[in-house]
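Just below is one structure, and these are the notes that go with it.
The values are calculated or read from the model by the stated rules, or taken from the named source; none is laboratory data. Keep in mind it's a predicted model, so treat the numbers as computed, not measured. Note: ideal-geometry Cβ built from the backbone for every residue, glycine included; neighbour counts use all protein chains shown.
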Amino acid sequence: MGKRIISQARGHGSGTYRVRRRAFRFEVKYPSKLFGEGTVLKLVNSPAHTAPLAKVRHSNGIFFMPAFKGMTEGQKVNLDGKNVVDGNILRLGDIPIKTPVYNIESRPGDGGVFIKTAGSYGVVNKVVGGEVYVLMPSKKEKSFHKNCRATVGIVAGAGRLEKPILKAGKNFHIKTSRGKLWPRTSAVKMNVIDHPFGSGRGKNPKSKIAKRNAPPGRRVGHLRPKQTGYHK
């Protein structure tokens, strides 16, 4: 008797294909009200994030933010001023052009959504009326409201991908900590009872176009492509 294929097992929601809840014990976002000055209490490691996190205390409580390159424990962070220094949190409208920024809010007050990955940063490109345009790490420009907050500087942890992974076991633990599917087995290499594409015969099957509303297990192959085959 065949077993459930991987897409079915992932949809079932077992612990095998989920991130550990403890990995997300740190909530990385700005408080709703930021003012005065904060102090970096500690730099912490979070399994769910690629960058080290900074535990910051200010008069309204404690919050976590991605650390910037060169941050140290005990450092002071300005939360509502006009001083453009690495680590300070300012409104995009108060940040000069050509300044590197990260942890940008999508809407004013949402706590920071964009650019949190280790080593990444955006650059304030231009200001048009009430909109501030930021050159994102993807080299595409994105507009934000001038009251959206951002942190000045570059996210710490650059070079994370430069060290080679020499053993499969190391990659296994990296992927497991984030609930990623690894290793990924090719469907045609499976047994016929484990996948619709499996079997020893027909290693080059014709492309299968799965229906949009097909259930997991049948929804394999091309998922409603606009075009298949070679482009002429």
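Quick check on region 182-210: of everything there that is of a type in the set (S, T, N, Q) and in contact with a Gly (Cβ under 8 Å, 6 or more places away or on another chain), which residue is surrounded by the fewest Cβ atoms within 10 Å (Cβ to Cβ)? Among residues in region 182-210 that are of a type in the set (S, T, N, Q) and in contact with a Gly (Cβ under 8 Å, 6 or more places away or on another chain), the one surrounded by the fewest Cβ atoms within 10 Å (Cβ to Cβ) is 207.
Yes or no: region 119-131 includes at least one residue that is aliphatic (A, V, I, L, M) and in contact (Cβ under 8 Å) with a residue 40 or more places away in the chain. No: zero hits.
Out of curiosity, is residue 33 of a type outside the set (A, V, I, L, M, F, W, C) and without any contact (Cβ under 8 Å) to a residue 60 or more places away in the chain? The answer is yes for residue 33. Hey, can you tell me all the residues within region 106-115 that are under 17 Å from residue 135 (Cβ atoms) and buried (at least 19 other Cβ atoms within 10 Å of the Cβ)? Answer for region 106-115, where residues must be under 17 Å from residue 135 (Cβ atoms) and buried (at least 19 other Cβ atoms within 10 Å of the Cβ): 114, 115. Yes or no: residue 179 in contact (Cβ under 8 Å) with a residue 40 or more places away in the chain and surrounded by 10 or more Cβ atoms within 10 Å (Cβ to Cβ)? Judged against the criteria, residue 179 is a match. Any residue that is exposed (fewer than 12 other Cβ atoms within 10 Å of the Cβ), within 21 Å of the chain's Cα centre (by Cα) and either in a loop (DSSP other than H, G, I, E, B) or at pLDDT 95 or above (or both) - is there at least one of those in region 117-133? So far as region 117-133 goes, no, none of its residues is exposed (fewer than 12 other Cβ atoms within 10 Å of the Cβ), within 21 Å of the chain's Cα centre (by Cα) and either in a loop (DSSP other than H, G, I, E, B) or at pLDDT 95 or above (or both).
A single entry from 45, 83 fulfils the requirement of being more than 23 Å from the chain's Cα centre (by Cα), surrounded by fewer than 16 Cβ atoms within 10 Å (Cβ to Cβ) and without any contact (Cβ under 8 Å) to a residue 12 or more places away in the chain: 83.
Checking each residue in region 1-30 for being part of a loop (DSSP other than H, G, I, E, B) and free of Cβ contacts under 8 Å to residues at least 60 places away in the same chain picks out 13, 14, 25, 26, 27. Might you let me know whether region 86-108 holds any residue that is in a strand (DSSP E or B), touching a residue at least 60 places away in the same chain (Cβ under 8 Å), farther than 30 Å from residue 15 by Cα and in contact with a Ser or Thr (Cβ under 9 Å, 6 or more places away or on another chain)? Yes.
Taken together, the criteria place residue 150 among residues that are of a type outside the set (Lys, Arg) and buried (at least 19 other Cβ atoms within 10 Å of the Cβ). Of the candidates 157, 217, the single residue that is under 24 Å from the mean Cα position of the chain (by Cα), at positive phi, part of a loop (DSSP other than H, G, I, E, B) and surrounded by 13 or more Cβ atoms within 10 Å (Cβ to Cβ) is 157.
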